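Quick notes on the structure that follows.
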Amino acid sequence: MEPLSSALVESYWRLFVNRQAYTVQSLRPHPQTGRHYYFRPKKGRRGAPPQMTHCTIRGHLEGEITIGLYAINPDTQRSKWLVLDADYQDGTADLLKFEYELNGDGIQPALEMSRRGGHLWIFFATPLLAKQCRIYLHDLALRLGVRVKGSGQAEGIEIFPKHDEIEPGRFGSAVRGPLGLHRAANRRFWFCGADHTIEAQMAHLSTLTKLTEQKLQGFIGGREWPKPFSSLEPRRRSGLRRPPARREFRILDHVGAVRVVGRNYVTRCPSCAESRLDRSGDNLAILISDPRFYKCWAGCPKEAIRSALGCPIEVSVPQLRPAAL
């Protein structure tokens, strides 16, 4: 690998580094568990752990070390980014739900694949208060019906930063720095939407629309923490009840794994699959910018696709008036 330019290292620093404390992933697996754990670098002669420098970033991007980043700066309680980590079954589908909603809010997140799922990164135009960012994402998860791990749930999506505030001298939870070499998988995990080179990846990330403080304030509107999922069961009321509102059909909730090709998600067409076709699993294209638009390249009509998913398109039948005598 050719040495990276100083400008590229500086660009990574501006985007990801919010404080100079960091962790390092072990080069060798643990003899009992086989896992590559993260640890704080050893203290120097003055008793304090070494601080992150541009050389640290260069070593991470060139594969010499793999670092973990802390989100919150305890001096300001602000972060430069927020990450959704989904490493459970169907976690990638949940990340795509968030991506769809965030795009609707005028934010362009970056989807990074991982060994067991994926990470969805949301970047800020300026460092924002961690608590307010977490309120926004927890509220969004509530609207999407996605469970958040740690809020009374054993399994669900993880939100980094995991804390509202960090006391002086504390660190919180670190997340693996993107574009480095994952030691357990012995490979890099790339962001979707750009060529698999560090230069192309960083150029792509620099063009994304970031979340501004003004937009964030508009989204949360003075809200505090949303109610936990366990308390959201509807109350029983006597008397007549309104029929529940019809939920908008979202095809990404029903199809299997997807991958990005150009401006589309591609996946197996459910209608083709019923006929044992689409062996390559790429007949169905779903527009990334608006997943309401999808098309089967083999020609399956939308009615057949919906029927194969068990969600047929409802057709209203007009009521016929009796002819006048």
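The values are calculated or read from the model by the stated rules, or taken from the named source; none is laboratory data. Note that the structure is predicted; figures quoted are calculated from it, not measured. Neighbour counts run over all protein chains shown; Cβ positions are idealised from the backbone, glycine included.
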- Message: Whether any residue in the range 170-190 is among the small types (Gly, Ala, Ser) and either without any contact (Cβ under 8 Å) to a residue 12 or more places away in the chain or not assigned by TED's automatic domain parsing to the domain that holds residue 216 (or both) is what I want to check.
- Response: no
- Among (1) under 15 Å from residue 192 (Cα atoms); (2) part of a strand (DSSP E or B), which single condition is residue 96 missing? (2)
- Message: Of the residues 14, 78, 40, 35, only one is buried (at least 18 other Cβ atoms within 10 Å of the Cβ) and among the charged types (D, E, K, R); which?
- Response: 78
- Task: Tell me, yes or no, whether the range 107-122 has at least one residue that is surrounded by 19 or more Cβ atoms within 10 Å (Cβ to Cβ), part of a helix (DSSP H, G or I) and at pLDDT 95 or above.
- Result: no
- Task: From the list 35, 28, pick out the single residue that is touching a residue at least 40 places away in the same chain (Cβ under 8 Å) and not aliphatic (A, V, I, L, M).
- Result: 35
- Message: Can you report the number of residues in the range 18-54 which are part of a loop (DSSP other than H, G, I, E, B) and among the hydroxyl-bearing types (Ser, Thr, Tyr)?
- Response: 4
- Is it the case that the range 232-244 has a residue that's under 26 Å from residue 105 (Cβ atoms) and at pLDDT below 85? yes
- Task: Exactly one condition in (1) touching a Lys or Arg at 6+ places or on another chain (Cβ under 9 Å); (2) assigned to a loop (DSSP other than H, G, I, E, B); (3) modelled with pLDDT of 90 or more is not met by residue 15; state its number.
- Result: (2)
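Right, residue 127: modelled with pLDDT of 95 or more, outside the structural domain of residue 267 (by TED's automatic domain parsing) and either among the polar types (S, T, N, Q) or closer than 16 Å to residue 208 by Cβ (or both) or not?
no
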- Task: Among residues belonging to the range 174-191 that are surrounded by fewer than 17 Cβ atoms within 10 Å (Cβ to Cβ) and touching a Lys or Arg at 6+ places or on another chain (Cβ under 8 Å), point out the one that is nearest to residue 4 (Cα to Cα).
- Result: 182
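Just to be sure, is residue 89 among the polar types (S, T, N, Q), over 11 Å from the mean Cα position of the chain (by Cα), outside any loop (DSSP other than H, G, I, E, B) and over 23 Å from residue 177 (Cβ atoms)?
no
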- Query: If a residue has to be in a loop (DSSP other than H, G, I, E, B) and either surrounded by 12 or more Cβ atoms within 10 Å (Cβ to Cβ) or touching a residue at least 24 places away in the same chain (Cβ under 8 Å) (or both) to count, how many in the range 208-223 make the cut?
  - Reply: 5
